[in-house]
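Novice: Here it is, the structure in full.
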Amino acid sequence: MQEGQQVQEQFNQALMQRLDDQNTIMEKQKEYIEESLKERDKKLLETLNEAKANKKDQGFFARIFKK
């Protein structure tokens with residue numbers, strides 16, 4: 001009986017270790033995704049601001065008579 005309990009205990013410990021490892025992997029993936037999204041948003045805003053600035057730099061007649 002004690003042997004079965006010991007085997008079950010070892011199994012539970014191994015399972016807990018795998019769950020901890022899986023949790024660590026998921027946290028790293030979450031951080032990577034969040035950083036990627038922040039970088040994408042930053043680049044998008046920079047591009048939009050540049051486009052807005054370029055449009056603002058055009059003169060009155062250039063905006064009216066677009067070619």
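Novice: Mind checking the dipole of the stretch 2-64: about its Cα centre, +1 per Lys or Arg Cβ, -1 per Asp or Glu Cβ, Debye to the nearest 20?
Specialist: Charge dipole of the stretch 2-64: 840 debye, to the nearest 20.
Novice: So which chymotrypsin sites (Phe, Trp or Tyr not before Pro) in the chain end up in coil per DSSP with only 11 or fewer other C-beta atoms within 10 Å?
Specialist: Phe65
Novice: Report the percentage of all Cα-Cα pairs in the chain whose separation exceeds 21 Å, rounded to a whole percent.
Specialist: 64
Novice: While we're looking at this one, here's another question. Keeping to pairs on different chains or 8 or more places apart, tell me how many lysine pairs in the chain have Cα atoms under 24 Å apart.
Specialist: Number of lysine pairs found: 19.
Novice: For the chain, find the longest principal axis of its Cα atoms and tell me its angle to the long axis of helix 2-57, 0 to 90°, nearest 10.
Specialist: Computed tilt is about 0 degrees.
We did not get these values from a lab; they are worked out from the coordinates using the rules stated. Treat the numbers as computed from the prediction; the structure is a model and nothing was measured. Ideal geometry is used to build each Cβ from the backbone, glycine not excepted, and the neighbour counts take in all protein chains shown.
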